[in-house]
1. Given the criterion more than 13 Å from the chain's Cα centre (by Cα), modelled with pLDDT of 85 or more and of a type in the set (Val, Ile, Thr), identify the matching residue among Val14, Val73, Val37.
2. From the list Glu90, Glu58, Glu31, which one is more than 17 Å from the chain's Cα centre (by Cα) and either surrounded by 11 or more Cβ atoms within 10 Å (Cβ to Cβ) or part of a helix (DSSP H, G or I) (or both)?
3. Please work out if Phe50 is more than 23 Å from the chain's Cα centre (by Cα), hydrophobic (A, V, I, L, M, F, W, C) and surrounded by 13 or more Cβ atoms within 10 Å (Cβ to Cβ).
Amino acid sequence: MIEEFTWVDIVVFVILSSSFLLSILRGLVYELSSIIVWGFSIFCAYNFGFYFSAIFPEYLSPELRTIFGSLLVLFIAILLSKMIVLSLKEIIEKSGGGSLDKIFGAFFGYYAEGL
């Protein structure tokens, strides 16, 4: 039966399986919050990166300073958001919802990667 699979089938199966297993380990809260954190961080970098470009040296071109400012904002936003997410995840685990979080995370990971 395995001889009937192509390399594409095997790659898809490996991706779905690894996403399922990682989602079990992380849980639904972490999976959903990761998507939200990336969206929030990109939004902040796009809208506020220009303001941070002033901290970089003048000999760099304005475009390059804006890119560096956006990357700095992206890094800071991801760092702060992940700290909040980890605190939230710890609260959920301490309150006894860790198992349910991991089960729902497995379903989310399977279906999110399946789409």
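The values are calculated or read from the model by the stated rules, or taken from the named source; none is laboratory data. Just so we're clear, the structure is a prediction, and the values are computed from it rather than from any experiment. All Cβ positions, even for glycine, are placed from backbone atoms using ideal geometry, and neighbour counts span all protein chains on display.
1. Working: Val14 fails: modelled with pLDDT of 85 or more; Val37 fails: more than 13 Å from the chain's Cα centre (by Cα).
Among Val14, Val73, Val37, only Val73 is more than 13 Å from the chain's Cα centre (by Cα), modelled with pLDDT of 85 or more and of a type in the set (Val, Ile, Thr).
2. One residue alone meets the criteria, Glu90.
3. On the way: more than 23 Å from the chain's Cα centre (by Cα): yes; hydrophobic (A, V, I, L, M, F, W, C): yes; surrounded by 13 or more Cβ atoms within 10 Å (Cβ to Cβ): yes.
The answer is yes for Phe50.
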